[in-house]
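Beneath this line is the structure, given in structure tokens, with notes to follow.
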Amino acid sequence: MTERRLSPLDKLLARADNALRTLTPGTIQAERTPAHASPAPDAPEAGTLPSDKRRHVLGLMRINHTGEVCAQALYQGQASTASLPHIRHAMEESAREEEDHLAWCEERIQELGGVPSKLNPLFYAMSYAVGATAGLIGDRWSLGFVTETENQVVKHLESHLYQIPESDLRTRAILEQMKTDELKHAVTAKDAGGADLPLPVRHAMTLMSKVMTFTTYRI
């Protein structure tokens with residue numbers, strides 16, 4: 001069975017639909033649930049957390065949610081300019097897997113009494129532009145960008161897991177599964193031929209990540 005060839009307008013509408021679904025709360029549903037991968041599927045709510053720790057966990061989950069918004073934009077941007085069909089399909093498949101993370105983070109933010117960052121549209125636009133540029137440079141570099149991005153995300157998740165109270169099993173279950181998935185994406189991109197990014201590019205990515213985490217924790 002041959003694959004349907006999409007027109008430029010079809011592709012544009014698909015990208016716009018993804019952006020709207022990503023940025024509109026409640027529109028993306030997880031295909032998995034955190035409990036399926038959690039060592040504590042009946043983890044209690046975090047209602048007993050002290051208010052200061054609850055606010056901190058909320059801030060961390062807002063960071064993670066924005067990170068998943070950026071991931072959607074990056075993968076969609078890379079898919080829009082990838083030259084090889086199998087690379088484009090891989091980017092689109094990774095974006096679909098990341099939708100679970102987006103839904104989990106949004107749900108947890110709501111459970112903690114908060115809302116996603118108001119800066120998400122800005123970071124989506126910036127990340128889409130970066131992803132599209134990476135795809136234009138070449139598929140090897142685009143895959144290398146995925147590898148580096150996912151490795152940095154894994155480090156963030158490890159840091160957050162260290163900060164989250166041991167009693168908050170629901171949040172920990174979500175982040176543990178996200179960490180497993182992100183590491184898989186990094187390894188997959190590397191094995192597919194991802195190039196090692198130059199050190200200045202990696203430093204720039206780290207700096208941009210710090211800006212995102214600082215602002216979205218608060219706004």
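Ranked by solvent-accessible area (1.4 Å probe, protein heavy atoms only, all chains present), the residues Val187, Val154 order from largest to smallest as Val187, Val154. Multiplying the residue separation of Leu199 and Glu166 by 0.36 nm and subtracting their alpha-carbon distance yields 8.3 nm. Taking label positions 7 Å along the Cα-Cβ direction at both Arg140 and Ala125, the computed distance is 3.4 nm, reported to one decimal.
Computed from phi, the 3J(HN,Hα) profile of the stretch 98-105 under the Karplus parametrisation 6.51, -1.76, 1.60 (θ = phi - 60°) reads 5, 4, 4, 4, 4, 5, 4, 5 Hz, with x in place of Gly and Pro.
In the full protein context, the stretch 62-219 carries 45 Å² of accessible surface per residue, based on a 1.4 Å probe and ignoring ligands, DNA and RNA.
Averaged over residues, the count of other Cβ atoms within 10 Å places the peptides 119-125, 62-68, 200-206, 173-179 in the sequence 62-68, 173-179, 119-125, 200-206, highest first.
Each residue, Ser51 and Lys210, gets one label point 7 Å from its Cα in the Cβ direction; the gap between the two is 3.3 nm. Exceeding 23 Å between C-alpha atoms, which entries from my cross-link table qualify? They are Lys118/Lys179; Lys53/Lys155; Lys53/Lys184; Lys155/Lys184. The answer is Lys118/Lys179; Lys53/Lys184.
Assuming a ≥ b ≥ c are the square roots of the Cα gyration tensor eigenvalues, decide whether the stretch 65-219 counts as rounded (a/c under 1.5), prolate (otherwise, with a/b larger than b/c) or oblate. Prolate shape, in that a/c is at least 1.5 and a/b is the bigger ratio.
Rounded to the nearest whole Hz, the Karplus-based 3J(HN,Hα) values (6.51 cos²θ - 1.76 cosθ + 1.60, θ = phi - 60°) of the stretch 133-144 follow the sequence 5, 4, x, 5, 5, x, 5, 4, 6, 5, 5, x, with x at glycine and proline.
The values are calculated or read from the model by the stated rules, or taken from the named source; none is laboratory data. Treat the numbers as computed from the prediction; the structure is a model and nothing was measured. Every residue, glycine as well, gets a Cβ built from its backbone with ideal geometry; the counts of neighbours run over all protein chains shown. For the accessible areas, the whole protein counts, side chains as well, though only heavy atoms, and no ligand, DNA or RNA atoms are used. Shrake-Rupley method; radii C 1.70, N 1.55, O 1.52, S 1.80 Å.
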